[in-house]
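Participant: Have a look at this one.
The values are calculated or read from the model by the stated rules, or taken from the named source; none is laboratory data. Remember, predicted model here, so these are calculated numbers, not experimental data. Every residue, glycine among them, receives a Cβ derived from its backbone with ideal geometry; neighbour counts consider all protein chains shown. Just the protein is used for accessible areas: all its heavy atoms, side chains included, with ligands, DNA and RNA removed. Shrake-Rupley method; radii C 1.70, N 1.55, O 1.52, S 1.80 Å.
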Amino acid sequence: NLEFKRMFSKKGLTLIELLIVIGVTGIFLVGLTLCFFTIWRSWGYQLNRDDARGEAFFAMQRMAKELRGLLNITAANTKTITFYFDLNDNGVQEANESITYNWSSPGTDLTRSGTAPLAHSVENFSLQYFDVNNVELTKPVSSPELIRRITINLTTKIKDESIVLRTDIRPRNL
């Protein structure tokens, strides 16, 4: 009985107890670090996705708005369209109101009226044109006045995240 009391009345820790505590604490810290880095990577992935999505939506909204209100199409091809949009709302087609959307190759910018980038890192951009009977017109469209519906396909890619958007537009003024 006396020996039992002496064993539990000692103050301090043995070397084995100390090593066990250090080992358990180390395992806990490794697990915590792995969780932290997993959350960090997930946050970065979501940030890339949001950047790609936001840029693609902005570009698609702007193109849709301007193509819906166009006054006249002057050139229509698979990767390029040139048209007049009434920028000052006076109902008159003026020389400074010409807008061109152009894209050249994967990974390049989609541009608006020359060099102003509308979307960065575009992987695919294509335009399809349809007549009043929803028959697709061959490109380049030799008679742009026949166009009654335009389909835009847009794919942007930031790092490993791709966003694919598609919309149909019926210009109001044609």
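Participant: So which pairs qualify, if the first residue must be in region 45-71 and in contact (Cβ under 8 Å) with a residue 60 or more places away in the chain, the second must be loosely packed, with under 13 Cβ neighbours inside 10 Å and among the aliphatic types (A, V, I, L, M), the Cβ gap must be under 9 Å, and the two must be at least 6 apart or on different chains?
Facilitator: From region 45-71, the pairs are Ala56/Val164; Leu71/Val92.
This table checks each residue for (1) at pLDDT below 90; (2) farther than 17 Å from Arg62 by Cβ; (3) assigned to a strand (DSSP E or B).
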| residue | (1), (2), (3) |
| --- | --- |
| Val141 | no, yes, no |
| Ser162 | yes, yes, yes |
| Leu165 | no, no, yes |
| Leu174 | yes, yes, no |
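Participant: Another one. Of the numbered conditions (1) in contact with a Phe, Trp or Tyr (Cβ under 7 Å, 6 or more places away or on another chain); (2) not in a helix (DSSP H, G or I), Thr78 satisfies every one except a single condition; which is it?
Facilitator: Going through (1) in contact with a Phe, Trp or Tyr (Cβ under 7 Å, 6 or more places away or on another chain); (2) not in a helix (DSSP H, G or I) one by one, Thr78 breaks only (1).
Participant: What are the pairs, 6+ residues apart or on separate chains, where a residue within region 148-166 that is within 12 Å of Gly54 (Cα to Cα) and open to solvent by less than 20 Å² (accessible area, probe 1.4 Å) has its Cβ under 6 Å from a residue that is of a type in the set (S, T, N, Q) and part of a strand (DSSP E or B)?
Facilitator: Thr156/Ser121; Ile163/Thr156
Participant: Looking only at residues in region 108-124 that are among the small types (Gly, Ala, Ser) and assigned to a strand (DSSP E or B), which one is least open to solvent (accessible area, probe 1.4 Å)? Spell out how you get there, then give the answer.
Facilitator: In the first step, residues of region 108-124 are kept if they are among the small types (Gly, Ala, Ser); the result is 113-114, 116, 119, 121.
Subset that is assigned to a strand (DSSP E or B): 116, 119, 121.
Numbers: Ala116: 49, Ala119: 0, Ser121: 41 Å².
Here the residue is Ala119.
Participant: Would you point out which residue out of Leu2, Leu34 is out of contact with any Gly (no Cβ under 9 Å at 6 or more places or on another chain) and modelled with pLDDT under 85? Walk me through how you get there before you give the answer.
Facilitator: On the way: Leu34 fails: modelled with pLDDT under 85.
Only one candidate qualifies: Leu2.
Participant: Quick one: which of Leu127, Leu137, Leu67 is open to solvent by 10 Å² or more (accessible area, probe 1.4 Å), closer than 16 Å to Asp168 by Cα and touching a strand residue (DSSP E or B) at 6+ places or on another chain (Cβ under 9 Å)? Break it down stepwise before answering.
Facilitator: On the way: Leu127 fails: open to solvent by 10 Å² or more (accessible area, probe 1.4 Å); Leu67 fails: open to solvent by 10 Å² or more (accessible area, probe 1.4 Å).
Among Leu127, Leu137, Leu67, only Leu137 is open to solvent by 10 Å² or more (accessible area, probe 1.4 Å), closer than 16 Å to Asp168 by Cα and touching a strand residue (DSSP E or B) at 6+ places or on another chain (Cβ under 9 Å).
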